[in-house]
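The values are calculated or read from the model by the stated rules, or taken from the named source; none is laboratory data. Fair warning: this is a prediction, and the values are worked out from it, not measured in the lab. Virtual Cβ from ideal backbone geometry, glycine too; neighbours counted across all protein chains shown. With ligands, DNA and RNA removed, areas are computed over all heavy atoms of the protein, side chains included. Shrake-Rupley method; radii C 1.70, N 1.55, O 1.52, S 1.80 Å.
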Amino acid sequence: MRRKLVAGNWKMHGSLADNEALLGAILSGLHDVKADVAVCVPFPYLAQAKARLAGSRVAWGAQNVSQYARGAYTGEVSAAMLNDFECRYVIVGHSERRTLFGETDAVVAEKYAAAQTAGLIPILCVGETLEEREAGVTEAVVSRQLDAILARSGVISLANAVIAYEPVWAIGTGRTATPEQAQAVHAFIRAKIRALDAEVAEHLIIQYGGSVKAANAAELFAQPDIDGGLIGGASLNAEEFLAICRAA
Ligand code: PEP
């Protein structure tokens, strides 16, 4: 039986004061949460997340990482730096990074490898755009995104990773994939990995992300291949985020 993981992606939101209140409210509402819980915060707030969450059930992580270890890469943050703040997770290949910041499959694969080399657990985001879904190439797109990782790091690397299936058309749009649509892609991903390594596939956590809310979380998480969620907007509201965690 796989554990479920609910991770918040705060994106570029927050302030020291707001985070203090949000983290405090999350910590005080965890009693009936069975799932693993994490928050992925903007880089400047990693120290705050560590100070507030160390010793609690809530893990923390970052939303991006450089593919480079060190050097003249102004503005970048290395995996070793994330380790200094005891991050457990780092999101790689979020669709906003891919589409707004030009991250290619190859760059994402390098970032994934850099995260793992440093001992971090990458949360690898994959997913198709609306045009791709309508063109019937969802599986081909997800497959291509996974192949870049498999070619760079091998299937065994997925023993220490999380995949988040996030259809781009569902992120921040209020339009969620139906449980059946999401399950179909999750099952496709697991079958693809199973063909390479059944054990890895069986234990692989595949989260769903894209407008998950308290109101739709339970039916999504009830699907056999959906192992929790990557939560954007709803993770900024403690009540809503905790309700999603409870649903997992
Ligand atoms: C995300 O940022 O990964 C995400 C899924 O966002 P939202 O939940 O707001 O759609």
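Estimated from helical segments only, the mean residue ellipticity of the chain at 222 nm is -12500 deg cm²/dmol, where each DSSP H run of four or more residues counts as -39500 (n - 2.57).
Considering only the other residues whose Cβ falls under 11 Å of the Cβ of Val107, what net charge follows from Lys and Arg at +1 and Asp and Glu at -1?
Working: positive: Arg97, Arg98, Lys111, Arg152; negative: Glu103, Asp105, Glu110.
Once all neighbours under 11 Å are counted, the net charge is +1.
Heavy-atom surface analysis with a 1.4 Å probe gives the stretch 5-247 a carbon and sulfur content of 55 percent of its accessible area. In this structure the amide hydrogen of Glu103, modeled in the peptide plane, comes within under 5 Å of the amide hydrogens of Arg98, none closer than 5 places in sequence on its chain. Taking amide H positions as modeled 1.01 Å from N, with prolines and chain starts lacking one, no residue 5 or more places away or on another chain lies under 5 Å from Gln67. In plain terms, the chain from His13 to Ala195 could stretch by 61.6 nm, reckoned as 0.36 nm per residue minus the Cα-Cα distance. With protein chains left intact and a 1.4 Å probe, residues in the chain average 43 Å² of accessible area per residue. Phi angles across the stretch 205-215 convert, under the Karplus curve 6.51 cos²θ - 1.76 cosθ + 1.60 with θ = phi - 60°, into 3J(HN,Hα) values of 7, 10, 7, 9, x, x, 6, 6, 9, 4, 6 Hz, Gly and Pro given as x. Between Gly209 and Tyr165, Glu166, Leu230, the built amide H atoms are under 5 Å apart, and every one of these is 5 or more places off in sequence or on another chain. Run through the stretch 169-248 and list the trypsin sites (Lys or Arg not before Pro) located in a DSSP loop whose Cβ has at most 16 other Cβ atoms within 10 Å. Of the trypsin sites (Lys or Arg not before Pro), the ones in loops of the stretch 169-248 whose Cβ has at most 16 other Cβ atoms within 10 Å are Arg175. Across the stretch 178-189, rounded Karplus estimates of 3J(HN,Hα) from the backbone phi angles (6.51 cos²θ - 1.76 cosθ + 1.60, θ = phi - 60°) give 5, x, 5, 4, 5, 4, 4, 6, 4, 5, 4, 4 Hz, Gly and Pro being marked x.
Put simply, the stretch 130-248 fits an ellipsoid with semi-axes of 24, 17, 12 Å; these come from the alpha carbon gyration tensor as the roots of five times its eigenvalues, largest first. Here the scattering of the stretch 5-247 is modelled by Debye summation over its C-alpha atoms, one equal scatterer each and no solvent; at q = 0.09, 0.14 Å⁻¹ the log10 of I(q)/I(0) is -0.34, -0.87.
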